[in-house]
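Notes to accompany the following structure.
The values are calculated or read from the model by the stated rules, or taken from the named source; none is laboratory data. The model shown is predicted, which means the values in this text are computed figures rather than measured ones. Using ideal geometry, Cβ is built from the backbone for each residue, glycine included, and neighbour counts are taken over all protein chains shown. The protein model used for the area step is the full one, side chains on, heavy atoms only, and it has no ligands, DNA or RNA in it. Shrake-Rupley method; radii C 1.70, N 1.55, O 1.52, S 1.80 Å.
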Amino acid sequence: MPDALQTRLHTFLAKHWRENEADLLFCNKVGKPMVRNKVAVKLQDTLKNLGIERAALHAFRHMAASEMIENGVAPSVVQRQMRHSDSRITLQKYAHVIGDAQRRAVDSLAGRVLELTR
């Protein structure tokens, strides 16, 4: 777990966590598991208040994988993080991100090579 996430989680636990029967990290007001539909509605309200277009919870998973690939994380590592059974699934789902990253890498390399030849 990244240090920044650990710090935020500790802060959350200190301020908001309530003991509950199931020992859940996140629960509703009566200590039961949160209902997915209610979480989704709250997400849409939050996005609207922030002026961000609607997005499903799955969009955050897609964003995380895309960001990892965009930042040079090996597809095999992204595959394990996303728990895809095969790296081919990862490559198929995120080929557009890989293609964009490859174009930028080639452009960057060309710029550096051309700079050296001046």
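Odds and ends about this structure:
- Per-residue SASA remark: Met63, around 100 Å² accessible (1.4 Å probe; ligands, DNA and RNA not included).
- Here the sum of -39500 (n - 2.57) over DSSP H runs of 4 or more residues, divided by the residues of the chain, equals -21500 deg cm²/dmol at 222 nm, to the nearest 500.
- Pairs from the list Lys42/Lys93; Lys32/Lys93; Lys15/Lys93 with a Cα-Cα gap above 31 Å: Lys32/Lys93; Lys15/Lys93.
- Residue with peak Gaussian network fluctuation, the chain [Cα springs, cutoff 10 Å], from Lys48, Lys29, Lys93: Lys29
- Accessible surface of Leu114, taken over heavy atoms with a 1.4 Å probe and every protein chain present, rounds to 100 Å².
- Placing unit charges on each Cβ (+1 for Lys and Arg, -1 for Asp and Glu) gives segment 25-88 a dipole about its Cα centre, and among Asn49, Met63, Val73 the Cα reaching farthest toward its positive end belongs to Asn49.
- Remark: the chain carries 83 Å² of accessible area per residue (probe radius 1.4 Å; ligands, DNA and RNA excluded).
- Residue of Leu25, Leu43, Leu57 that the Gaussian network model of the chain assigns the largest fluctuation, springs spanning Cα pairs under 10 Å: Leu25
- Exposure of Thr7 as accessible area (Å², to 10), given a probe of 1.4 Å and all protein chains: 90
- With every protein chain in place, the chain: carbon and sulfur % of accessible area (1.4 Å): 57
- Derived scalar couplings ³J(HN,Hα) [segment 86-99; Karplus, 6.51 cos²θ - 1.76 cosθ + 1.60; whole Hz; x for Gly, Pro]: 8, 5, 5, 4, 4, 5, 5, 5, 10, 4, 5, 5, 4, x
- The value of relative contact order for the chain, using C-alpha pairs under 8 Å at least six residues apart, is 11 percent.
- Backbone geometry of segment 39-48 corresponds, through the Karplus equation with coefficients 6.51, -1.76 and 1.60 at θ = phi - 60°, to 3J(HN,Hα) couplings of 5, 5, 5, 4, 4, 4, 4, 5, 4, 4 Hz, x marking Gly and Pro.
- Estimated dipole of the chain in Debye, rounded to 20 [Cβ of Lys and Arg +1, of Asp and Glu -1, Cα centre]: 320
- Computed on protein heavy atoms with a 1.4 Å probe, the accessible areas place His16, His62 in the order His16, His62, largest first.
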